[in-house]
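Report on the structure given below.
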Amino acid sequence: MRDDASFPPVDLDSPFFAHGPFDSDPGVELETTEERDPRLARKRSPEAARRRAELQRVVKVAVACASALCLAAVVKVTVARGASEPVAPRAVQVAQPAPPP
């Protein structure tokens, strides 16, 4: 038999659960992220967005070239395997001992 008296009563109506985890005092003004980290403000600038767009194009071209090179290598290996004909073994000539005189 279980003894329920050993567990404390749970009161879910307590004021602890009245506010969400991100609620704050309305009288307190929080700093913006840009004020705390100026690098983040630079990352969000229009110049940085244009640079990222340009670099994305460069990366896409580089990945496309690398993919084409790999595909060419796979095709070359596949064609080279298919083009090689099985070589028939050559007849080996064994020297016969000279007849006795």
Of the numbered conditions (1) part of a helix (DSSP H, G or I); (2) at pLDDT 80 or above, Pro99 satisfies every one except a single condition; which is it?
(1)
Restricting to region 29-84, and then to whatever is loosely packed, with under 10 Cβ neighbours inside 10 Å and not in a helix (DSSP H, G or I), can you tell me which residue is modelled with the highest pLDDT?
Ser84
Report, ordered by the first and then the second residue, all pairs with beta carbons closer than 7 Å, sequence separation of six or more or different chains, a first member in region 45-74 that is free of Cβ contacts under 8 Å to residues at least 12 places away in the same chain, and a second member that is open to solvent by 80 Å² or more (accessible area, probe 1.4 Å) and assigned to a helix (DSSP H, G or I).
Ala48/Arg42
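The values are calculated or read from the model by the stated rules, or taken from the named source; none is laboratory data. Keep in mind it's a predicted model, so treat the numbers as computed, not measured. Ideal geometry is used to build each Cβ from the backbone, glycine not excepted, and the neighbour counts take in all protein chains shown. The accessibility values were calculated without ligands, DNA or RNA, using every heavy atom of the protein model including side chains. Shrake-Rupley method; radii C 1.70, N 1.55, O 1.52, S 1.80 Å.
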